[in-house]
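Have a look at the structure below before the remarks.
The values are calculated or read from the model by the stated rules, or taken from the named source; none is laboratory data. Model, not experiment: these values are computed from the prediction. All Cβ positions, glycine included, derive from the backbone under ideal geometry; neighbour counts span all protein chains shown. Heads up: the accessible areas ignore ligands, DNA and RNA and are worked out on the full protein's heavy atoms, side chains in. Shrake-Rupley method; radii C 1.70, N 1.55, O 1.52, S 1.80 Å.
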Amino acid sequence: PPPAVPPPYRCALVLRDAVAPHLLRRRKADVGIQLPKKKEQVLFCRLSKLQARLYKAFLQSPEIHEVLTGRMRHGALASLDLLRKICNHPDLIERERIQGHEMYGNPSRSAKMQVTERLLERWAVAEEEE
């Protein structure tokens, strides 16, 4: 006899079969021909004053010294991740502590976000003019 199928799995199969006729599944290959070509543009921007201060402070920290001298080999990836967060938005470093604060995620604290905000504004104006 076939092995018993657990009830939760059977329920999942019944649900899948009931919902399947109502779902539209499209593969990337099917949709790709309808989408415009992807345009990629690399922009460089300076760090905000806050970002630069955090970046320099981390580069002068005991943790980075341990990584650079080889005493903390496993910390290299964590250090790169921290630097990436500083460059993206400094609030990413202390997300749990400041997430509810009204300034959390404010674009003025991140040069990258300021550039993105200005680009989005330009694109919105350009689209309105078309």
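The residues in segment 104-125 that are of a type in the set (S, T, N, Q) and either open to solvent by 70 Å² or more (accessible area, probe 1.4 Å) or over 14 Å from L43 (Cα atoms) (or both) can be counted, and the count is 3.
Working only within segment 104-130, note down all residues that are modelled with pLDDT of 90 or more and not in a helix (DSSP H, G or I). Selection gives S110 alone.
Just one of (1) open to solvent by 100 Å² or more (accessible area, probe 1.4 Å); (2) in a helix (DSSP H, G or I); (3) not charged (D, E, K, R) fails for H101. It is (2).
Those helices (runs of 4 or more DSSP H) of segment 1-80 in which at least 1 residues are touching a residue at least 12 places away in the same chain (Cβ under 8 Å) and under 25 Å from the mean Cα position of the chain (by Cα), considering only elements entirely within it, cover 49-59, 62-68. If you check K38 against the conditions, is it under 30 Å from S110 (Cβ atoms) and surrounded by 10 or more Cβ atoms within 10 Å (Cβ to Cβ)? Taking the combined requirement at face value, the residue does not satisfy it. As a summary of the residue check, A76 satisfies the conditions (1) surrounded by 12 or more Cβ atoms within 10 Å (Cβ to Cβ); (2) modelled with pLDDT of 90 or more except for the one numbered (2).
Among the residues of segment 47-65, count how many are within 18 Å of N106 (Cβ to Cβ) and either surrounded by fewer than 15 Cβ atoms within 10 Å (Cβ to Cβ) or modelled with pLDDT under 90 (or both). Result for segment 47-65: 3.
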